[in-house]
1. Quick one: with all protein chains in place, what share of the accessible area of the chain is carbon or sulfur, to the nearest percent (1.4 Å probe)?
2. Under a crude label model (7 Å from the Cα following the beta-carbon direction), how far is A113 from L26 in nanometres?
3. Read phi for every residue in the range 168-185 and hand back ³J(HN,Hα) as whole Hz from Karplus 6.51 cos²θ - 1.76 cosθ + 1.60, θ = phi - 60°, with x for Gly and Pro.
4. Where in the range 77-115 does the label zone of E142 land, with the point 7 angstrom along Cα→C-beta and an amide N cut-off under 17 Å?
5. Starting from the Cα of K192, move 7 Å in the Cα-to-Cβ direction to define the label point; list residues of the range 96-134 whose amide nitrogen is under 15 Å from there.
6. Based on C-alpha coordinates, I'd like the Rg and Dmax of the range 21-62, in Å.
7. Relative to the longest principal axis of the chain, what angle (0 to 90°, nearest 10) does the C-alpha long axis of helix 11-90 take?
8. Output the direction-averaged projected area (hull surface divided by four) of the convex hull of the alpha-carbon atoms of the range 92-151, in nm².
Amino acid sequence: MRRRRSIFIELTSLLDVILIMLFVILTQARAQADQAKEEALREKNNAAVYEASLETEVAKSSRLAAELEAAEDEAERLKRQLDSREIVLENSRVITLSITGENHIRLETDKGATHIIPYEWGNEAYAYNLGRSLLLSQLEEEVDKPLFVIFQYDRDQIYKAEYDMILQLVQEMKLEAAQRERLLSFMEMDRKE
């Protein structure tokens, strides 16, 4: 009989190679898993940042919407007020008295007419009489409308004599208007205030 010879394979080295390959594959898988985890964490952080940014923008747009609504309400209020003032101006007369820097008194009407009244020291009677004449002519126009006389001045540029003369003139015009049964209102405004 023949004797069979058996081939003996050393499995130890083969097993080492398989284990090394398995170790390399597991290491690569572990690295890929870590990389996927890091990427997922980055995406989660980006999503959180985006969500926070989105919440900020939503809050900002809500605030802007509230501000817009408030601005629209204010615009409506101002429009109503402007309409009311326009009605008052259409149904009344406005005369503005002011002092110029050249010792003159300026009388301006709401119809665009401007009259310059020269004021000279020691000769206040001329300015007073001319101012009275101009105010009387305004008092006689459109008798169905109330008359508003507004005196504008700068306290640093007006002399007491000018101020007193204009107040006296307006007081006389108020009495004249009352006698004629006309409504005359007087307001003074210091531009420094």
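1. Numbers: 8310 of 14830 Å².
Here it works out to 56 percent.
2. 11.1 nm
3. Once θ is set to phi - 60°, the couplings for the range 168-185 become 5, 4, 5, 4, 5, 5, 5, 5, 4, 5, 5, 5, 8, 6, 10, 8, 10, 10 Hz.
4. 83-97, 108-115
5. It comes to 99, nothing else.
6. 17.9, 60
7. Between helix and principal axis, roughly 10 degrees.
8. Orientation-averaged projected area of the Cα hull: 3.9 nm².
The values are calculated or read from the model by the stated rules, or taken from the named source; none is laboratory data. Since the model is a prediction, treat every value here as computed from it, not as a measurement. Positions of Cβ are generated from backbone atoms using ideal geometry, with glycine treated the same way; all protein chains shown enter the neighbour counts. When the accessible area is computed, the model is the full protein with side chains, heavy atoms only, and any ligands, DNA or RNA have been set aside. Shrake-Rupley method; radii C 1.70, N 1.55, O 1.52, S 1.80 Å.
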